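Below you'll find the structure, written out as structure tokens, and then a few comments.
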């Protein structure tokens with residue numbers, strides 16, 4: 001079975017998305033490797049998420065585009081490579097959310113739970129676990145005709161879809177809860193701002209701004225995830241309910257393009273709203289500007 005090439009518009013969109021995903025996530029990793037102060041437990045989870053996005057752009061999306069012109073065996077391989085990195089990015093996002101949840105909701109338990117061993121084991125699990133559903137999916141694609149929707153196919157894909165839906169709802173709920181806590185903290189700081197002395201007001205004002213940025217940070221995270229992934233989940237449910245194969249159809253590609261906006265916006269949110277990365281980026285840009293300013297007079301002379 002041979003799939004036709006993607007429409008030119010959709011292929012162009014995927015190429016542009018690939019460039020943005022690789023560029024933005026490479027910037028995150030460049031800062032992470034360049035600045036030692038960024039290498040803490042929280043940022044290791046974020047770096048793992050960024051790496052999954054980066055590999056998705058480098059290998060996953062090109063494999064998906066090329067699979068439209070390949071025969072059956074190569075098609076399955078290219079498709080599974082794409083979905084492996086996609087699943088890995090989702091699991092890494094879950095780990096990032098879990099780490100933020102502990103740091104905000106259970107700060108006393110955080111240091112006891114987030115040992116070096118746990119961090120390494122959790123990140124390795126996020127990269128190894130996707131191989132299990134991907135292997136099962138590859139067996140279904142190569143050993144049976146998918147258009148018949150056998151009992152095994154339906155059971156497996158319903159479990160897969162419902163599992164992803166649970167993860168989706170869990171991430172949304174946890175981020176919403178953290179947003180409410182950050183909002184309450186912001187209100188408490190504003191109350192203290194009114195009651196305290198002038199010195200404490202200045203300190204409260206600085207904390208106020210930090211908490212406000214944190215609040216917006218959580219709003220952006222949960223909003224982008226919900227908005228970009230909801231059409232994809234709806235497409236998966238529609239496929240199973242109506243017994244229709246949507247793989248590599250225009251609807252499948254469009255919802256996929258919408259979901260792929262998430263790995264584009266995630267690094268931007270971290271770079272512009274996460275205080276330590278934002279500070280590191282400013283220092284790097286300031287140094288480059290100063291170096292150029294020093295070199296320019298020498299060239300003029």
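How high is the FRET efficiency between residue 39 and residue 290 when r is their beta carbon distance and R₀ equals 35 Å, given to the nearest 0.05? In this case the efficiency is close to 0.90. Among 230, 108, 91, 285, the order by Cβ neighbours within 10 angstrom, fewest to most, reads 108, 285, 230, 91. Distance between the modelled labels on residue 117 and residue 66, one decimal in nanometres: 4.1 nm (7 Å Cα→Cβ projection).
Distance between the modelled labels on residue 8 and residue 155, one decimal in nanometres: 4.8 nm (7 Å Cα→Cβ projection). Neighbour counts of other Cβ atoms within 10 Å put 164, 118, 179 in the fewest-to-most order 118, 164, 179. May I ask you to derive the FRET efficiency for residue 282 and residue 227 from their Cβ-Cβ distance with R0 = 22 Å, giving the value to the nearest 0.05? That gives a FRET efficiency of 0.15. Taking other Cβ atoms within 10 Å as a rough exposure proxy, 276, 250, 137 sort from fewest to most as 250, 276, 137.
None of the figures in this text is laboratory data; all of them are computed from the coordinates on show. Quantities reported herein were computed from a predicted structural model and do not represent experimental measurements. Positions of Cβ are generated from backbone atoms using ideal geometry, with glycine treated the same way; all protein chains shown enter the neighbour counts.
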